[in-house]
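Nothing in this text is a laboratory measurement; each read-out follows from the coordinates by a stated rule. Note that the structure is predicted; figures quoted are calculated from it, not measured. Here Cβ is always computed from backbone atoms with ideal geometry, including for glycine, and neighbour counts include all displayed protein chains.
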Amino acid sequence: MKACVLSLGLLLLASAAVVTADDKNDGDTPAVLDFHVKSLDGKDVDLSKYKGKVVMIVNVASQCGLTPQYEALQDLQETYKEQGLVVLGFPCNQFGEQEPGTATEIREFCTSKYGVTFDLFSKIDVNEETAHPLYQFLTSETTNPGFSGKINWNFEKFLIGRDGKVVARFKPPVEPDSEEVVKAVEAELAKS
């Protein structure tokens, strides 16, 4: 019965277009920016270097129907970069094998096709037992209450406030330049 209720809860959460900051993390939960990841060229990156910024974390793919969102993500970062927004892209091949490329191919595609200058990281898994620890954190009810649940597809977006906590989650079809995303980004940038 408990598993059924949990599954139903996750299903309801997954069906929402946007999850808002109604149930923020408590002060005892580690911040999202406490993790280390690998850059697209394989170098260790401590996400704490983004502390004090507003961060959008997105799982991306080069051969997806949503791939044109790269352009809107780049525009979003360019528009709000001076105010403190950074976009972080995490290539993922878990959904329809839509990111089969090597790191070099991913970089070439993103820069030549969409002019991407925001930080891209090594290809990772975002679901199941092979999920990167960052995504285990982002999807766990224990560590990220209110914003947890399985990643549905490529281009799922997590907005991280200046305090390093998740403040919103946007499902894949929600465009990075949509009114709801822009309002959430501007609200977080307005905080000191």
First measure r as the distance between the Cβ atoms of residue 63 and residue 41, then evaluate 1/(1 + (r/R0)^6) with R0 = 25 Å and state the FRET efficiency to the nearest 0.05.
-> 0.70
Of the listed links 53/150; 43/171; 38/183; 53/183; 157/183, those spanning more than 19 angstrom between alpha carbons are 53/150; 43/171; 38/183
HN-Hα J in Hz across the range 132-146 - Karplus 6.51, -1.76, 1.60, θ = phi - 60°, x for Gly and Pro = 4, x, 4, 6, 4, 4, 5, 9, 8, 5, 5, 9, 9, x, x
FRET efficiency estimate (nearest 0.05) - Cβ-Cβ, residue 190 to residue 105, R0 45 angstrom | 0.70
With θ set to phi - 60°, apply the Karplus curve 6.51 cos²θ - 1.76 cosθ + 1.60 along the range 180-185 and write out the HN-Hα couplings as whole Hz, x wherever there is a Gly or Pro.
-> 5, 6, 4, 4, 5, 5
